[in-house]
Amino acid sequence: MDDRELLAIAENIKKNSYSPYSNFRVGAAVLTQSGKTFAGVNVENASFGATICAERTAVFKAVSEGERKIVAVAITSDSDEYTFPCGICRQVLREFGDDGTRVICGNKSGEFKVFKLGELLPNAFFKF
């Protein structure tokens, strides 16, 4: 699957975002080593600590289905700027990915930039 296809999945699921507090809809899609894709959205809560980002939703869906290796993630929002994963999401992605995991950061115009996870989270903490 190419980067545009993965980003299109993220864009499509974004409509399901539950974001009444921030009004910042985010969609994400992860591609696993086996070739399966899993999509997720941000789900907010009145208790902000209970909120979960789209990237973690997608990763946790993959893990709950037995997938343990993420090779790429695409993230998009309604922003004119590129949407990057937050710090917590970067750490979760590192748990199931590696420094070479592709991170596709999109914007509302469908433009995107691709980074390696190691660029976005250098010197990551991970299990040994």
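FYI, it's all coordinate maths here, none of it is from the lab. A quick note: this is a predicted structure, and the numbers were derived from the prediction, not measured. Methodologically, a virtual Cβ is constructed for each residue, glycine included, from the backbone with ideal geometry; neighbour enumeration extends over all protein chains shown.
Which residues, taken from the range 45-58, are within 23 Å of R94 (Cα to Cα) and assigned to a loop (DSSP other than H, G, I, E, B)?
T51, C53
Residue under question is C105, and the condition is that it be free of Cβ contacts under 8 Å to residues at least 60 places away in the same chain, buried (at least 24 other Cβ atoms within 10 Å of the Cβ) and over 17 Å from K36 (Cα atoms); does it hold?
So C105 fails the test.
Within the range 48-89, how many residues turn out to be of a type in the set (A, V, I, L, M, F, W, C) and without any contact (Cβ under 8 Å) to a residue 12 or more places away in the chain?
Number satisfying all stated conditions: 2.
Can you name the number of the only condition in (1) touching a residue at least 12 places away in the same chain (Cβ under 8 Å); (2) outside any helix (DSSP H, G or I) that R94 fails?
(2)
Filter the range 68-100 for residues that are closer than 20 Å to K14 by Cβ and surrounded by fewer than 17 Cβ atoms within 10 Å (Cβ to Cβ) and give the result.
D78, S79, D80, E81, Y82, F84, C86, I88
In the range 1-40, what count of residues is obtained for those that are assigned to a strand (DSSP E or B) and under 19 Å from V71 (Cα atoms)?
Within the range 1-40, residues that are assigned to a strand (DSSP E or B) and under 19 Å from V71 (Cα atoms) number 10.
Within the range 101-128, work out how many residues are under 21 Å from I9 (Cα atoms), charged (D, E, K, R) and not in a loop (DSSP other than H, G, I, E, B). Please lay out each step first, then the result.
Here is the first cut: in the range 101-128, the residues under 21 Å from I9 (Cα atoms) are 101-117.
Next, only the ones that are charged (D, E, K, R) stay: 102, 108, 111, 113, 116.
Then drop every residue that is not not in a loop (DSSP other than H, G, I, E, B), which leaves 102, 113, 116.
The number of residues fulfilling the criteria is 3.
Give me the residue from the range 26-67 that is out of contact with any strand residue (DSSP E or B) (no Cβ under 8 Å at 6 or more places or on another chain) and not polar (S, T, N, Q) and, out of that set, surrounded by the most Cβ atoms within 10 Å (Cβ to Cβ). Talk me through it step by step, then tell me what you get.
Just the residues of the range 26-67 that are out of contact with any strand residue (DSSP E or B) (no Cβ under 8 Å at 6 or more places or on another chain), to begin with: 34-36, 45-50, 63-64, 66.
The next check asks that each one be not polar (S, T, N, Q); those that pass are 35-36, 46, 48-50, 63, 66.
On the way: G35: 8, K36: 13, A46: 8, F48: 9, G49: 5, A50: 9, V63: 17, G66: 9.
If we take residues in the range 26-67 being out of contact with any strand residue (DSSP E or B) (no Cβ under 8 Å at 6 or more places or on another chain) and not polar (S, T, N, Q), then V63 is surrounded by the most Cβ atoms within 10 Å (Cβ to Cβ).
What number goes with the only condition from (1) assigned to a loop (DSSP other than H, G, I, E, B); (2) under 19 Å from G118 (Cβ atoms) that E67 does not pass?
(2)
Take the residues in the range 1-43 that are closer than 23 Å to D80 by Cβ and among the hydroxyl-bearing types (S, T, Y), then tell me which one is nearest to the chain's Cα centre (by Cα).
S17
Of the residues in the range 79-91, how many are under 16 Å from G40 (Cβ atoms) and either part of a strand (DSSP E or B) or more than 10 Å from the chain's Cα centre (by Cα) (or both)?
The qualifying residues number 1.
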